[in-house]
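Single-structure report; data block below.
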């Protein structure tokens, strides 16, 4: 049985892109005008949604799903 790929909202994609670029939760919160705890909660939700066991796996899974361009780098 085929399963649908997870749908990530625009804010989730922004969070994933910033994480992948090396931002920490506090910096993401400032960048997006969100609370620090809100970002932490969203990251946790994204990890569950994308079935990732950690932040590195979350970035790899997001890349695998094509959620951001390949030219994004952590440097």
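The values are calculated or read from the model by the stated rules, or taken from the named source; none is laboratory data. No experiment lies behind these values; they were computed from the predicted model shown. Cβ sites come from the backbone with ideal geometry, for glycine too, and all protein chains shown count toward neighbours.
Structure values in brief
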quantity: Residue in segment 61-69 that is modelled with pLDDT of 95 or more, surrounded by fewer than 17 Cβ atoms within 10 Å (Cβ to Cβ) and not in a helix (DSSP H, G or I) present; calculated: no
quantity: Output for segment 43-60, where each listed residue is touching a residue at least 40 places away in the same chain (Cβ under 8 Å) and either more than 16 Å from residue 5 (Cβ to Cβ) or in a helix (DSSP H, G or I) (or both); calculated: 49, 58, 59
quantity: Filter result (modelled with pLDDT of 95 or more, outside any helix (DSSP H, G or I) and over 14 Å from the mean Cα position of the chain (by Cα)) within segment 3-42; calculated: 33, 34, 35
